[in-house]
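A short write-up of the structure that comes next.
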Amino acid sequence: MALKFEEFTLHDRQGDYANVKHIRLSGTNFGIGNKLGELAKNRHSLQMPKWSSTSKRDAQYTYLKKNYPAHFDRMAGFASAFGEDIQQAEHDYSCFGITLAIPMCSAVYYPPCSTETETGIISRNADLELVCIPQSAGDSAQKNSTKIMEKPYVLELHPNSGYSSLVMFCFELYGLALDGINSEGLAVTHLHGDVLNENAYKPSMDSGVGINEMLVVQQLLDNCKTAEEAKEMLLCNKHFRMILPTHLLIADKFGNSFVWEYPIEHNQDFFTDGNSEIQILTNFPLHKYPAIYTFPKSNDLSCPFARYKTLSEAISTYSGKVSNDSIKKINSKVFVRQEMYKTPPSVTVRTVYHNVYDCNQKTMEVSFYRKEDKNKQERTEYFKFKLK
């Protein structure tokens with residue numbers, strides 16, 4: 001199958017934060033990976049993690065060949081673009097990117113019975129520090145700082161095996177989908193799972209064997225039709241935490257949804273089913289705080305409990321079914337703003353994008369943060385995409 005590559009610039013305006021591109025790729029998984037590797041090599045300065053041992057490398061590749069062969073083929077193509085044979089490569093080609101920023105994020109799933117379109121919809125804010133500053137002293141740290149998500153990609157994949165998908169890639173093109181939808185109407189998004197106890201999770205900051213917290217989004221989209229299939233895949237795989245705790249909000253075109261989480265000990269799986277009701281997710285473990293009355297007091301409006309309450313209160317003002325415009329308006333109430341903080345952080349945090357996935361129509365709408373003007377945020381229009 002010959003590779004087909006198309007690229008479109010969605011937004012590129014001088015002085016704006018984000019330069020956004022849409023890439024459409026059709027072909028074999030090896031060919032898709034090879035093209036992504038070529039683009040990454042020519043455009044981005046990649047962090048290139050190395051394997052700490054060949055035995056770990058070999059074990060990971062054995063695992064992926066068995067449990068996620070589509071990704072292994074893409075990895076082989078990606079490595080080839082960098083002149084390496086995947087079987088002998090000293091670098092880990094599982095995923096790349098700057099992932100040291102601390103995310104917040106808020107998401108809501110609306111089942112078909114609650115929307116004017118009578119379709120299931122996920123509305124998601126991606127909140128991140130705008131700049132990642134290296135942990136070093138002096139002015140050089142600021143000079144060497146890196147903008148986070150300044151070059152996001154809407155990546156549309158049509159592989160010859162596996163389901164087509166439409167995903168947000170924000171960390172240099174490969175292996176780090178933050179959310180997406182596939183041709184079967186399954187939508188997956190992941191958020192920071194526990195900002196309350198983040199330091200207790202002790203991430204490995206190293207390559208491992210299995211599926212890391214960033215790769216899981218694309219794995220589910222490549223392989224699963226329904227929420228039930230996604231549950232089974234999550235249970236059947238070995239997961240490891242590379243950087244930070246995350247949890248997933250997953251929904252399908254049949255109106256099923258659930259949140260998947262695991263504790264610090266990583267010895268259990270927790271599934272919170274939506275049961276055809278609206279589900280809200282921010283950045284605390286939902287299974288520990290199943291109802292608003294169990295929430296601790298919030299320090300400020302940026303707190304994950306406060307954002308949950310804000311979304312819940314906004315949704316409760318609608319007595320009937322909600323429109324797409326209302327869904328966008330509800331999430332805009334928790335777009336990150338400086339005045340939300342009791343003590344503003346040293347590094348600016350903003351909602352770098354907001355997107356809306358329609359599981360039945362298999363569409364994504366997405367708007368990006370542009371800049372501040374007189375303390376007012378400016379954002380792009382909503383760009384709309386549809387999987388066929």
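Inside region 290-342, can you point out the residues that are closer than 20 Å to Thr119 by Cα and in contact with an Asp or Glu (Cβ under 6 Å, 6 or more places away or on another chain)?
Result: Lys321, Ser323.
With Lys238, Lys253 as the choices, which residue is surrounded by fewer than 17 Cβ atoms within 10 Å (Cβ to Cβ) and out of contact with any Ser or Thr (no Cβ under 6 Å at 6 or more places or on another chain)?
Of Lys238, Lys253, the one residue that is surrounded by fewer than 17 Cβ atoms within 10 Å (Cβ to Cβ) and out of contact with any Ser or Thr (no Cβ under 6 Å at 6 or more places or on another chain) is Lys238.
Where the second residue is among the small types (Gly, Ala, Ser) and surrounded by fewer than 18 Cβ atoms within 10 Å (Cβ to Cβ) and the first is within 17 Å of Val188 (Cβ to Cβ) and lies in region 267-291, which pairs have Cβ atoms under 9 Å and are six or more apart or on separate chains?
Correct list of pairs: Ile280/Ser312.
Test Asp12 against the criterion of being surrounded by fewer than 18 Cβ atoms within 10 Å (Cβ to Cβ) and in contact with a strand residue (DSSP E or B) (Cβ under 8 Å, 6 or more places away or on another chain), and give yes or no.
yes
From the list Val322, Val334, Val352, pick out the single residue that is open to solvent by less than 70 Å² (accessible area, probe 1.4 Å), in contact with a Cys (Cβ under 8 Å, 6 or more places away or on another chain) and closer than 28 Å to Lys384 by Cα.
Val352
Given the criterion over 26 Å from Leu10 (Cβ atoms), surrounded by 24 or more Cβ atoms within 10 Å (Cβ to Cβ) and touching a strand residue (DSSP E or B) at 6+ places or on another chain (Cβ under 8 Å), identify the matching residue among Gly193, Gly180.
Gly193
Among Val356, Val334, which is the only one that is within 30 Å of Asp269 (Cα to Cα), hydrophobic (A, V, I, L, M, F, W, C), in a strand (DSSP E or B) and touching a helix residue (DSSP H, G or I) at 6+ places or on another chain (Cβ under 9 Å)?
None of the others qualify; the one that does is Val356.
Of the residues that make up region 130-151, is at least one touching a helix residue (DSSP H, G or I) at 6+ places or on another chain (Cβ under 7 Å) and either at pLDDT 95 or above or of a type in the set (Gly, Ala, Ser) (or both)?
no
Does Ser312 count as in a helix (DSSP H, G or I), touching a strand residue (DSSP E or B) at 6+ places or on another chain (Cβ under 8 Å) and either among the polar types (S, T, N, Q) or open to solvent by 40 Å² or more (accessible area, probe 1.4 Å) (or both)?
yes
Is it true that some residue in region 265-275 is more than 30 Å from Phe240 (Cβ to Cβ), open to solvent by 70 Å² or more (accessible area, probe 1.4 Å), polar (S, T, N, Q) and in a loop (DSSP other than H, G, I, E, B)?
Yes, the conditions are met somewhere in region 265-275.
The values are calculated or read from the model by the stated rules, or taken from the named source; none is laboratory data. Computed from a predicted structure; not experimentally measured. Don't worry about glycine lacking a Cβ; one is built from the backbone with ideal geometry, like all the others, and counts go over all protein chains shown. Surface areas here come from the heavy atoms of the whole protein model, side chains and all, with no ligands, DNA or RNA. Shrake-Rupley method; radii C 1.70, N 1.55, O 1.52, S 1.80 Å.
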